[in-house]
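S.K.: Got a structure for you, written out below as structure tokens; questions coming shortly.
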Amino acid sequence: MLDTTPSEIRQFIIDLCTTLSPGLRAANRDAGAIDTKTDFHDVVTVHDRATEVAIREAIFERFPQSVVLGEETGWSNRTGDAGEPSPNDLIWIVDPIDGTSNFAGGWDYWCISISAARGGEFVASGVCQPIVNRIWSADDTGAYLDEPGYETRRLSVQRDAVPSDGLCATEYPKINSADDSALVRWREAGRSFRSMRRPGSTALDLCYVADGRAVASFSTGVHSWDVAAGIHIIQQAGGIYEGHNGTELSTPIWDGSSFVAGASKACVAAGRKALGL
């Protein structure tokens, strides 16, 4: 494992996503029974659980000393429940299906999100949108996009973008929130950006900022597995990401319960204002 380069880990993630994608594409229009977790807004399918198991098994086979944080199973190592990892562990942050409500409803805006990190720093990451065979990835050499019909594209954000230049992709305000001020801030943000989108996958929202489809993203109530891979891809594309716990910046960066991301300082400032930061 110590001899494995970030680019080799990135390729492992790409290959793993490519292997898992056909089965998930086939299930997209027939997801089977839907269970709930915290409430009826928070759903899970058999495919979320089975995909996380498949990812964990592949990781432990190739990198047996790893520790995995998965949305469905929490912290685990090859022998079972791992507890909190040590700083030198290679940790993997996994969301088997980010955007499960979309997946269960037959929509195509969902993805597989996998990130590897050590000592609070990213090593390699990948986000795959199986329906369109689109994969964003990052390692120490940069951020990349692979999609059918195009050569691999190295990503670089528009660093002088202003909010009116483009779209903002967000999952905010939370639909079960009783805080009406969030709706007011949403309205104000809508006046700043060309248009607002609430499409249903935080990981894809972040990738859309990294590849220029959007200029900003912000949200609350997120978890590490929602954002980790997207953070790495945005950062390696030259964009900005801030994780927040209340008014404090989060450490590590992926551990914030809210975030603001953007192509430029101006776009991030508009996102901060929308969240009341």
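The values are calculated or read from the model by the stated rules, or taken from the named source; none is laboratory data. What you see is a predicted model, and the numbers here were worked out from it, not measured in a lab. When we count neighbours, we look across all protein chains shown, and the Cβ atoms used for this are built from the backbone with ideal geometry, even at glycine. When the accessible area is computed, the model is the full protein with side chains, heavy atoms only, and any ligands, DNA or RNA have been set aside. Shrake-Rupley method; radii C 1.70, N 1.55, O 1.52, S 1.80 Å.
S.K.: Mind checking which residues of the stretch 115-135 are part of a strand (DSSP E or B) and either under 14 Å from SER7 (Cα atoms) or open to solvent by 40 Å² or more (accessible area, probe 1.4 Å) (or both)?
M.R.: Within the stretch 115-135, SER115, ALA116, ALA117, ARG118, GLU121, PHE122, VAL123, ALA124, SER125, GLY126 qualify.
S.K.: Still on this structure, please answer the following. Name the residue that is surrounded by the most Cβ atoms within 10 Å (Cβ to Cβ), counting only residues in the stretch 179-218 that are of a type in the set (D, E, K, R) and not in a helix (DSSP H, G or I).
M.R.: ASP211
S.K.: Search the stretch 16-37 for residues being open to solvent by 10 Å² or more (accessible area, probe 1.4 Å) and at pLDDT below 65, and hand back the single one that is farthest from ALA104 (Cα to Cα).
M.R.: Result: LYS37.
S.K.: Under 7 Å between Cβ atoms, at least 6 apart or on separate chains: pull out the pairs that start in the stretch 255-277 with a residue that is within 9 Å of SER192 (Cβ to Cβ) and in contact (Cβ under 8 Å) with a residue 60 or more places away in the chain and end on any residue that is open to solvent by less than 10 Å² (accessible area, probe 1.4 Å) and part of a helix (DSSP H, G or I).
M.R.: Partner pairs satisfying both residue conditions: ALA270/ALA189; ALA274/ALA189.
S.K.: Can you confirm whether ARG153 is among the charged types (D, E, K, R), buried (at least 18 other Cβ atoms within 10 Å of the Cβ) and in contact with an Asp or Glu (Cβ under 9 Å, 6 or more places away or on another chain)? Steps first, please.
M.R.: Values: among the charged types (D, E, K, R): yes; buried (at least 18 other Cβ atoms within 10 Å of the Cβ): no; in contact with an Asp or Glu (Cβ under 9 Å, 6 or more places away or on another chain): yes.
It is false that ARG153 is among the charged types (D, E, K, R), buried (at least 18 other Cβ atoms within 10 Å of the Cβ) and in contact with an Asp or Glu (Cβ under 9 Å, 6 or more places away or on another chain).
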